[in-house]
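Read through the structure below, which is laid out as structure tokens, and then see the notes.
The values are calculated or read from the model by the stated rules, or taken from the named source; none is laboratory data. Bear in mind the structure is a predicted one, so any value in this text is a computation, not a measurement. Methodologically, a virtual Cβ is constructed for each residue, glycine included, from the backbone with ideal geometry; neighbour enumeration extends over all protein chains shown. Keep in mind that these areas ignore ligands, DNA and RNA; they rest on the heavy atoms of the full protein, side chains included. Shrake-Rupley method; radii C 1.70, N 1.55, O 1.52, S 1.80 Å.
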Amino acid sequence: MEQPEDMAGKLSRQGYRLTPQRMTILAAIENSDHHISADEIYAHVVARHPGVNISTVYRTLELLKQLGLIYEIDLGGDRVGYHPEGRGHHHHLICRKCGAIIDVNEAVLFPLQAVLLQAFNFSADLRHLAIFGLCNNCRK
Ligand SMILES: [Zn+2]
Ligand SMILES: [Zn+2]
């Protein structure tokens, strides 16, 4: 798993300044055990750097996304989450009724990737998908 220093190192190597706010944002994403939201990141940052603006958080997330250091995922119902690139590829089954999130190994979608390649000559970029439906409890 990547440490915050790795993300920070990549940023500084590309000429970005490592402000204390940016370091705190990186640490919040890196230390989260789930898909942390921009609001959660902001709460984490503002507790340490009072007066920081939420637009700073959004700008930093945008930058990290562009550099490929974090993945963004639509969790449904206006919820967007983030996690570090180093956490590997996986997908999520998201219950549209109760909001439960079930993690799925990326290998589960390899057959779909193969079909898309065969039928459409399309090399699908299936690294982090959210698939919506009903969980076991909500199907009853
Ligand atoms: Zn994920
Ligand atoms: Zn459910």
Of residues in segment 74-88 being closer than 11 Å to residue 34 by Cβ and crowded, with 19+ Cβ neighbours inside 10 Å, the one farthest from ligand 1 (Cβ to nearest atom): 82
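Here's the yes/no breakdown for (1) more than 12 Å from the chain's Cα centre (by Cα); (2) closer than 22 Å to residue 127 by Cβ; (3) assigned to a helix (DSSP H, G or I):
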| position | (1), (2), (3) |
| --- | --- |
| 44 | yes, no, yes |
| 56 | yes, no, yes |
| 64 | no, yes, yes |
| 75 | no, yes, no |
| 99 | yes, no, no |
Qualifying residue in segment 89-97 (condition: in contact with a Pro (Cβ under 7 Å, 6 or more places away or on another chain), surrounded by 14 or more Cβ atoms within 10 Å (Cβ to Cβ) and under 12 Å from residue 128 (Cα atoms)): no
Qualifying position, being touching a Pro at 6+ places or on another chain (Cβ under 7 Å) and either open to solvent by less than 10 Å² (accessible area, probe 1.4 Å) or at pLDDT 90 or above (or both), among 70, 54: 70
Residue that is farthest from the chain's Cα centre (by Cα) [pool: residues in segment 11-42 that are in a helix (DSSP H, G or I) and among the β-branched types (Val, Ile, Thr)]: 24
Matching option when the condition is out of contact with any Cys (no Cβ under 6 Å at 6 or more places or on another chain) and more than 30 Å from residue 17 (Cβ to Cβ), among 126, 67: 126
Top-ranked residue in segment 105-130 [being more than 15 Å from the chain's Cα centre (by Cα) and outside any helix (DSSP H, G or I); ranked as nearest to ligand 2 (Cβ to nearest atom)]: 105
Cβ-Cβ under 9 Å pairs, at least 6 apart or on other chains, segment 5-30 side more than 17 Å from residue 53 (Cα to Cα), far side acidic (Asp, Glu) and open to solvent by less than 20 Å² (accessible area, probe 1.4 Å): 6/30; 7/30
Residue 100 vs. criteria without any contact (Cβ under 8 Å) to a residue 40 or more places away in the chain and either farther than 30 Å from residue 20 by Cα or out of contact with any Pro (no Cβ under 8 Å at 6 or more places or on another chain) (or both): yes
In segment 105-140, the residues that are within 11 Å of ligand 1 (Cβ to nearest atom), open to solvent by less than 80 Å² (accessible area, probe 1.4 Å) and in contact (Cβ under 8 Å) with a residue 24 or more places away in the chain: 128, 129, 130
Among the residues listed as 68, 51, 81, the single one being over 17 Å from the mean Cα position of the chain (by Cα) and outside any helix (DSSP H, G or I): 51
